[in-house]
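Trainee: First the structure, which I've put down as structure tokens, then a few questions once you've had a look.
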Amino acid sequence: MTVARPVFTPPSERRSVLDRAHVGDIQGALGTVPSHDTSPRRSLRRRVTTLLAIMGPGLVVMVADNDAGGLAVYAQAGQNYGTSLLWVLLLLAPVLFINQEMVARLGAVTGAGHARLIVERFGRRWGTFAVGDLLALNALTLITDFIGVALALDYFGVSRYVAVPVAAALLIAVTAAGDFRRWERTMYVLIAASLVVIPLALLSHAGGRGGGSAGLLPGVEGGLSPTSVLMIIALAGTTVAPWQLFFQQSNVVDKRITPRWLAYERLDTLVGTVVLVIGAVAVMLACAWAFGGSPLHGAFTDSGAVAHDLRATVSPLGGTLFAIALLDASLLGASAVTLASSYAIGDYFGYKQSLHRGWRDATIFHGTCTALIALGAIVVLIPGTPLGLITTGVQALAGVLLPSATVFLLLLCNDRHVLGPWTNPRWLNALAALVVGALVALSTTLTITTIFPAADVVTVGAALLAALALALTAAAICTRLQPPRPRRSTTAWERLTWTMPQLETLAPPTPSRLRSLALAVLRAQLLIAAALLVIKVVHLALQA
């Protein structure tokens, strides 16, 4: 079989694998980079204007991660543990940035979405699994976001039978307009509104009791308690979400970002990471300062109750600001999660998919968005909906999907047929392998302890970390045993202009012991997690 050699495709002629007929300028909410503009950015003014035009995918995906579920977890951590878990957020920030930098690079260099690459490089069976689990998880996450809408507007006395349909209609209208710039501007408005958590934190510090733990490790004497360890795992699970990988890669493609602009997209992702951490820390501090030393410390129930408690403890303005933040987070998260699902379906089936296209030109893409939003809204409006079971399902499915998503990501970023000179360097592989392994251990611990609440989370976590150490050692040995792959030196210009050739022309992935080991471990983990999830669902159904 003859395989075409990777060749340079000029940015003006480059096309997405699934959207070849739709190219043009990079249109950002704050500027435009014409496709014919290839001149260097020498002045600070030109660099800033270029950054403003390219910004979007990284900023949106990061801030949207602070959705209704995320806000609830941060509030619970602050109310129940004070400031003692702030270190977890600071530790997770570089982990999240590393993951999202890799998918941004994949999107810019390949011009293909994450699901498309999984199908083409790992086979339709793995692609079916990845997309199927993503859709199930995203559907449940979307329901939790609409629950957030209902709780936020209930604070202002608006019935959920009015609030949820109106929010759903607004989300559909923004997405189905066929105007990428209008959608991005709407996201920027929501991102700006999310910053209300900063004055909320300051207000809580001034009007609250000023309590909250000042230590770094909550729990009991001699170490962490099982409940605090589970909270740490929950913080990791809500901060590093599988849908983010699918969303940012496809959004980078949709915005027509090429390798030439990757430095700006990395900065976009970095800015988004900083904004995400600021928002999460502000919510945690607000609840720690407001409820520390009061009877409400350790009494978290849900995010709706937090708004009312802040009103009673801090001031009416404090409750109002938190309700606004919850509503904003719910809308921003719902929009991003819905698009992640629609992008993935388009990648899998090969349908036209782009926010630049209107309803008539991308019917299935916009129809999928509409159907998912409508489904999430309808479920929340059904009386007697088992919201607790839905929450359990979100946690368990996140635990099942996160390891597969991160393993696929790492393998794709080492595929030279796909990324050419843009593959991960060794130091990044070592760091990414450690991150992926830690995420696998954390998500598996979350899955097991969610499905079996009686399990000792500390023991489970310790056992998984030991298994992680063994797996990483085995992977390092397999890597050392493999013959070194020849590297072709490339100039800086060749690297900036290198893009993946057509997927259909690529040779099959090179056999690798590391790849085989990773997929074998992944398959075993998925089978065990799926079996545990089925047992839990059956148990809950019998109890209902």
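Where a number appears in this text, it was derived from the coordinates with a stated rule and is not lab data. Since we're looking at a predicted model, the values are computed, not measured. Using ideal geometry, Cβ is built from the backbone for each residue, glycine included, and neighbour counts are taken over all protein chains shown.
Trainee: Say each of residue 260 and residue 128 gets a label point 7 Å from the Cα, pointing the same way as Cα to Cβ; how far apart are those two points in nm?
Mentor: So the two model labels end up 4.2 nm from each other.
Trainee: Could you pull out every residue, at least 5 positions away or on a different chain, whose amide H is within less than 5 Å of the one on residue 296? Hs are placed 1.01 Å off N in the peptide plane, and Pro or chain starts have none.
Mentor: Answer set, sorted by chain and number: none.
Trainee: Right, next: Once amide H atoms are placed 1.01 Å from N in the peptide plane, what residues at a sequence separation of 5 or more from residue 26, or on another chain, have their amide H within under 5 Å of its amide H?
Mentor: When sequence neighbours closer than 5 places are left aside, the close amide H contacts are 33, 35.
Trainee: Can I ask one more? Give me the distance between the Cα centres of segment 253-298 and segment 299-370, rounded to whole Å.
Mentor: Value for the Cα centre distance between the two parts: 16 Å.
Trainee: Compare the peptides 283-291, 407-415, 340-348 by average per-residue count of other Cβ atoms within 10 angstrom and give them in order, highest first.
Mentor: Order by mean packing, descending: 283-291, 340-348, 407-415.
Trainee: Working out 0.36 nm times the residue gap between residue 25 and residue 177, then minus their Cα-Cα distance, what length gain in nm do you get to one decimal?
Mentor: Between residue 25 and residue 177, full extension yields 52.9 nm more.
Trainee: Next up: Work the Kirkwood hydrodynamic radius out for segment 69-160: mean of 1/r over every pair of different alpha-carbon atoms, inverted, in Å.
Mentor: 16.6
Trainee: If you filter segment 100-190 for chymotrypsin sites (Phe, Trp or Tyr not before Pro), then keep DSSP loop positions with at most 15 other Cβ within 10 Å, what is left?
Mentor: 156
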